[in-house]
1. Over 42 Å, how big is the tail of the calculated P(r) for the chain, in percent of all Cα pairs?
2. Starting from the amide H of I395, placed 1.01 Å from N in the peptide plane, find each other amide H under 5 Å away whose residue is 5 or more places distant or on another chain.
3. If the elastic network links every pair of Cα atoms under 10 Å, which of R142, R170, R91 fluctuates the most in the Gaussian network model of the chain?
4. GluC sites (Glu not before Pro), restricted to segment 177-216: which are DSSP loop and have at most 10 other Cβ atoms within 10 Å?
5. Can you find, among A251, I293, L240, the residue farthest towards the positive end of the dipole of segment 223-317? Put +1 on the C-beta of Lys and Arg, -1 on that of Asp and Glu.
6. Have a look at G31, G178, G324 and tell me which one the Gaussian network model of the chain (Cα, springs below 10 Å) gives the largest fluctuation.
7. Which cross-chain or sequence-distant (5 or more) residues have an amide H under 5 Å from the amide H of L240, H modelled 1.01 Å from N in plane?
8. Let me have the relative contact order for the chain, percent, based on Cα pairs under 8 Å that are six or more residues apart.
Amino acid sequence: MTQPAHEDVVSTHGVHSEVGRLRKVLVCAPGLAHRRLTPTNSDELLFNDVMWVENAQRDHADFVNKMTQRGVEVVELHEILAETMQVAKARDWLLDRKIEPNQVGLGLVDGTRAFLESLSPVELAQYLIGGLATNDLPDDFRTGYVNLAREQSGVREYLMPPLPNTLYTRDTTCWLYGGLTMNPLFWPARKDETLIYKAIYEFHPDFAESTVWWGDPERDWGQATFEGGDIMPVGNGVVLMGMSERTSRQAITQVAAALFAQRAADRVVVAGMPKLRAAMHLDTVFTFADRDIVTLYPMIMDAVHTFTLLPADRAPGLEVVDEGSTAFVDVVARALGLPELQIIETGGDVYQSERQQWDSGNNAVALEPGVVFTYDRNTLTNTLLRKAGVEVITIVGAELGRGRGGGHCMTCPIIRDPVDF
């Protein structure tokens, strides 16, 4: 099967399938942002509970080590942001947008900016991701305006909010074939993440020439929200998109039209999902483990209404095909030129299946065709994968799974090879 016309070279940044050999990936280690999680703010910050940070760091390091041992180049967000902040123009650009009256408050801009500019790039990156509270400001940078922050009442106010969901690097940007999207995220707690990525992709020497298909964190996108957990470039010029709790039709149609206009993809298959917490992202209920093997959670996937978006010569640049009662997996198989997909349902009875899905039982990260990373606690689904001939590499999910992202979203593939069908 052929790839889109401009995808002749795959050595540069680009993701050309969901299961092709993983070459380079972006992760974010737990850190200061996760130490800021408390029982009071965890729900607002989209975590089910507070995290045992030291154990999460250990388990994350083990995950990174297992990928590295398999030949994957692993890039860490704090580190690459620190490298970006070494570029004076990048630091000025980002601080101009982060440290302004609407964010930090009138009277606190100059002191906050001066403090951040006094830091090393590594320290600055820690605060940009981990958050800067008013009581983090040293005395030399404090003014009387800080008293308005009610510190004496025990109120924790942030000059820059913590961004613990940066742990889920797949959501904020999507590499689709030879370029990427910069995503307007659904929840307010995550909106600042994309601005950090824009600084990296505009100024870091390894990424400054990247092609952006769609998206800009400096625009107000209204109802057009888009998250990478819903997006899968599966090969053969096909992209799967979940129309879910967090990815809207307003964004899906714009991204599809942009991909078609730039000949980046030939077809988008949309999974119209129920707006439920259990269906927050497509990758929590459906993932590829091999070219023709998928895991899925039937309680959600049986309710999916499928659409196909195709390029069109007339405005708005695409046409919509309602697939009616045809199952999503059958539409996907047809788009890939396969007779069918082998389905592995979330393991166990109705209770066990729901627990496994809650624990990201369908969140497999493919290292190469037939080799996946999964959480260790999904024992039933992992057994079914192994019986199907898939090599399963487990990682500890007790702490890393406390957020509402999941194992799949802890990695943002930057380079992944195509596969033949």
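The values are calculated or read from the model by the stated rules, or taken from the named source; none is laboratory data. Bear in mind that the values here come from a model prediction, so they are computed numbers and not experimental data. Cβ coordinates were reconstructed from backbone atoms using ideal geometry, including for glycine residues, and neighbour counts include every protein chain displayed. The area values use the complete protein model at the heavy-atom level, side chains included, leaving out ligands, DNA and RNA. Shrake-Rupley method; radii C 1.70, N 1.55, O 1.52, S 1.80 Å.
1. Of all Cα-Cα pairs in the chain, 13 percent lie more than 42 Å apart.
2. Those lying under 5 Å, H to H, from I395 are T374, Y375, D376.
3. R142
4. On the way: sites: E193, E202, E209; in loops: E209.
Those that pass, being in a loop and sparsely packed, are E209.
5. A251
6. Fluctuation is largest for G324.
7. The list, which skips near neighbours in sequence, is M232, V234, V269.
8. On the way: 910 pairs, mean separation 95.3, N = 421.
Computed value for the chain: 23 percent relative contact order.
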